[in-house]
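K.L.:
Just passing along the structure, written as structure tokens.
The values are calculated or read from the model by the stated rules, or taken from the named source; none is laboratory data. Predicted model only: the values in this text are computed from it and were never measured. No Cβ is skipped: glycine too gets one built from the backbone with ideal geometry, and neighbour counts run over all protein chains shown.
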Amino acid sequence: MIGKVKKFLGIEGVKLELILPEEVLESDGIVEGQIRFQSMNPQEVVAIKIVLIERYARGRGKEKLVDEYELGSTAVEKRIVIPADEVVEVNFTLPFVIVHSEVDSFERRNLLFAGLARAAKLINNVDSAFRIEAEAKVKGTALNPFDRKPIVIKRR
């Protein structure tokens with residue numbers, strides 16, 4: 001009885017870990033990584049969803065605004081058997097497109113505008129942080145394993 005409850009809740013079930021590069025070039029437009037699965041009991045993963053999210057913050061104190069944007073997503077729709085006490089790794093490729101604000105577009109026009117735009121960003125406390133989230137659907141469980149990791153996206 002306890003074993004069925006543990007399996008349903010995902011306790012002692014599949015553990016998911018993202019393996020990502022430290023940084024990615026914006027011009028490449030893709031993130032290549034791996035997902036590592038481990039389990040104490042034999043399990044079956046039926047689908048994986050991977051998403052790149054930008055957290056865009058600006059302002060200070062009570063005036064601070066934070067938005068999140070989905071920049072790319074992919075799904076792996078294949079059955080993956082996870083044997084007990086073994087590691088299974090799945091490769092993925094996540095395409096993405098960075099959305100630029102008006103200030104970013106202004107910054108890219110020429111060298112003089114770049115300095116002005118950076119000063120405006122500094123004054124308004126503008127910051128972007130990127131992360132990748134992965135969630136796997138495991139057959140017979142109610143709670144899906146997931147992981148999220150920050151990633152640096154560099155401009156050239």
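Yes/no matrix, rows are residues, columns are (1) within 12 Å of the chain's Cα centre (by Cα); (2) more than 19 Å from GLU44 (Cβ to Cβ); (3) not in a strand (DSSP E or B):
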residue	(1), (2), (3)
VAL66	no, yes, no
TYR69	yes, yes, no
GLY72	yes, yes, no
ALA75	no, no, no
LYS78	no, no, yes
GLU86	no, no, yes
GLU89	no, no, no
LEU94	yes, yes, no
VAL97	no, yes, yes
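K.L.:
Something else: Return the residue satisfying two criteria in turn: it lies in region 67-79 and is modelled with pLDDT of 90 or more and either over 13 Å from LYS49 (Cα atoms) or among the charged types (D, E, K, R) (or both), and of such residues it is surrounded by the fewest Cβ atoms within 10 Å (Cβ to Cβ).
P.N.:
So, considering only residues that are modelled with pLDDT of 90 or more and either over 13 Å from LYS49 (Cα atoms) or among the charged types (D, E, K, R) (or both), the one surrounded by the fewest Cβ atoms within 10 Å (Cβ to Cβ) is ARG79.
K.L.:
On to the next question. Which ones in region 25-50 are of a type in the set (S, T, N, Q), within 14 Å of VAL138 (Cα to Cα) and assigned to a strand (DSSP E or B)? Walk me through it before giving the result.
P.N.:
In the first step, residues of region 25-50 are kept if they are of a type in the set (S, T, N, Q); the result is 27, 34, 38-39, 41, 43.
Okay, now just the ones that are also within 14 Å of VAL138 (Cα to Cα), so 38-39, 41, 43.
The answer is GLN38, GLN43.
K.L.:
Need pairs with beta-carbon distance below 8 Å; first residue touching a residue at least 60 places away in the same chain (Cβ under 8 Å) and under 23 Å from GLY29 (Cβ atoms) and within region 143-156, second of a type in the set (Lys, Arg) and not in a loop (DSSP other than H, G, I, E, B); sequence gap 6+ or separate chains.
P.N.:
ARG148/ARG131; LYS149/ARG131; ILE151/ARG131
K.L.:
Here's something else I'd like to know. Could you please tell me which pairs satisfy a Cβ distance under 9 Å, a separation of 6+ or placement on different chains, a first residue in region 113-139 that is over 20 Å from GLY33 (Cβ atoms) and surrounded by fewer than 16 Cβ atoms within 10 Å (Cβ to Cβ), and a second residue that is modelled with pLDDT under 70 and of a type in the set (A, V, I, L, M, F, W, C)?
P.N.:
PHE113/PHE106; ALA114/PHE106; LEU116/PHE106; ALA120/VAL103; ALA120/PHE106; ASN124/VAL103
K.L.:
In addition: So, in region 88-100, how many residues would count as being modelled with pLDDT of 90 or more, of a type in the set (A, V, I, L, M) and surrounded by 12 or more Cβ atoms within 10 Å (Cβ to Cβ)? Steps first, answer last, please.
P.N.:
Of the residues in region 88-100, the ones modelled with pLDDT of 90 or more are 88-97.
Checking the rest, the ones that are also of a type in the set (A, V, I, L, M) come to 88, 90, 94, 97.
Now narrow it down to the ones that are surrounded by 12 or more Cβ atoms within 10 Å (Cβ to Cβ): 88, 90, 94.
Residues in region 88-100 being modelled with pLDDT of 90 or more, of a type in the set (A, V, I, L, M) and surrounded by 12 or more Cβ atoms within 10 Å (Cβ to Cβ): 3 in total.
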